[in-house]
1. Can you tell me how many residues within the range 86-102 are without any contact (Cβ under 8 Å) to a residue 24 or more places away in the chain and either of a type in the set (Gly, Ala, Ser) or surrounded by 15 or more Cβ atoms within 10 Å (Cβ to Cβ) (or both)?
2. Taking the residues in the range 9-52 that are in a loop (DSSP other than H, G, I, E, B), polar (S, T, N, Q) and touching a residue at least 40 places away in the same chain (Cβ under 8 Å) as candidates, determine which candidate is nearest to Thr109 (Cα to Cα).
3. Being farther than 16 Å from Thr112 by Cα and open to solvent by less than 70 Å² (accessible area, probe 1.4 Å) narrows it down to one of Val28, Val5, Val47, so name that one.
4. Checking the condition within 21 Å of Arg107 (Cα to Cα) and in contact with a strand residue (DSSP E or B) (Cβ under 9 Å, 6 or more places away or on another chain), which residue from Val57, Val63, Val5 passes?
5. Every residue in the range 53-82 that is of a type in the set (S, T, N, Q) and part of a helix (DSSP H, G or I), please.
6. What is the residue count in the range 63-85 for residues that are farther than 15 Å from Val28 by Cβ and open to solvent by less than 50 Å² (accessible area, probe 1.4 Å)?
Amino acid sequence: QVQLVESGGGSVQSGGSLRLSCTTSGIVFSINDMGWYRQAPGKQREVVALITSGGRVNYTDSVKGRFTISRENAENTVYLQMDSLKPEDTADYYCKSQYRLSYYWGRGTQVTVSS
């Protein structure tokens, strides 16, 4: 059974930091590309950051220089370090694994940034 479990969300003030974790089981983590996505109320889910199985990273423009995605294959975990948070970062954050055409989603963790 595949599981992706996000943690680390919460409420912070503008300018603060949070570190999200997504721990996986049931997949061969090291060969999966991993991603963080977010969905704000009334908006579509959008990609935030991606990291390939080889460690190549990519970010959406709005978080470049503030967020850092990383992975620890020995722990089957992907992280999202979020610094200089802004109210517009408020959303539910989801992680996703993908290997070829097979993908899985976690259930999300909520991030609220107050001004």
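1. The initial filter retains those residues of the range 86-102 that are without any contact (Cβ under 8 Å) to a residue 24 or more places away in the chain, namely 100-102.
If we keep only those that are either of a type in the set (Gly, Ala, Ser) or surrounded by 15 or more Cβ atoms within 10 Å (Cβ to Cβ) (or both) as well, we get 102.
Selection size over the range 86-102: 1.
2. Quick first cut of the range 9-52, residues in a loop (DSSP other than H, G, I, E, B) only: 9, 14-17, 26-28, 32, 40-45, 52.
Filter once more, so that each one left must be polar (S, T, N, Q): 14, 17, 32, 44, 52.
Checking the rest, the ones that are also touching a residue at least 40 places away in the same chain (Cβ under 8 Å) come to 14, 17, 32.
On the way: Ser14: 18, Ser17: 15, Asn32: 21 Å.
The residue in question is Ser17.
3. Values: Val28 fails: open to solvent by less than 70 Å² (accessible area, probe 1.4 Å); Val5 fails: open to solvent by less than 70 Å² (accessible area, probe 1.4 Å).
Testing whether each residue is farther than 16 Å from Thr112 by Cα and open to solvent by less than 70 Å² (accessible area, probe 1.4 Å) leaves just Val47.
4. Working: Val57 fails: within 21 Å of Arg107 (Cα to Cα); Val63 fails: within 21 Å of Arg107 (Cα to Cα).
The conditions single out Val5.
5. Ser62, Asn73
6. At the first step, the residues of the range 63-85 found to be farther than 15 Å from Val28 by Cβ are 63-70, 79-85.
Restricting the remaining residues to those that are open to solvent by less than 50 Å² (accessible area, probe 1.4 Å) gives 63, 66-67, 69-70, 79-80, 82, 85.
Adding up the residues that qualify gives 9.
The values are calculated or read from the model by the stated rules, or taken from the named source; none is laboratory data. If you're wondering where the values come from, they're calculated on a predicted model, not measured in any experiment. Positions of Cβ are backbone-derived with ideal geometry, glycine not excepted, and every protein chain shown enters the neighbour counts. Note: areas computed on protein heavy atoms with side chains; ligands, DNA, RNA excluded. Shrake-Rupley method; radii C 1.70, N 1.55, O 1.52, S 1.80 Å.
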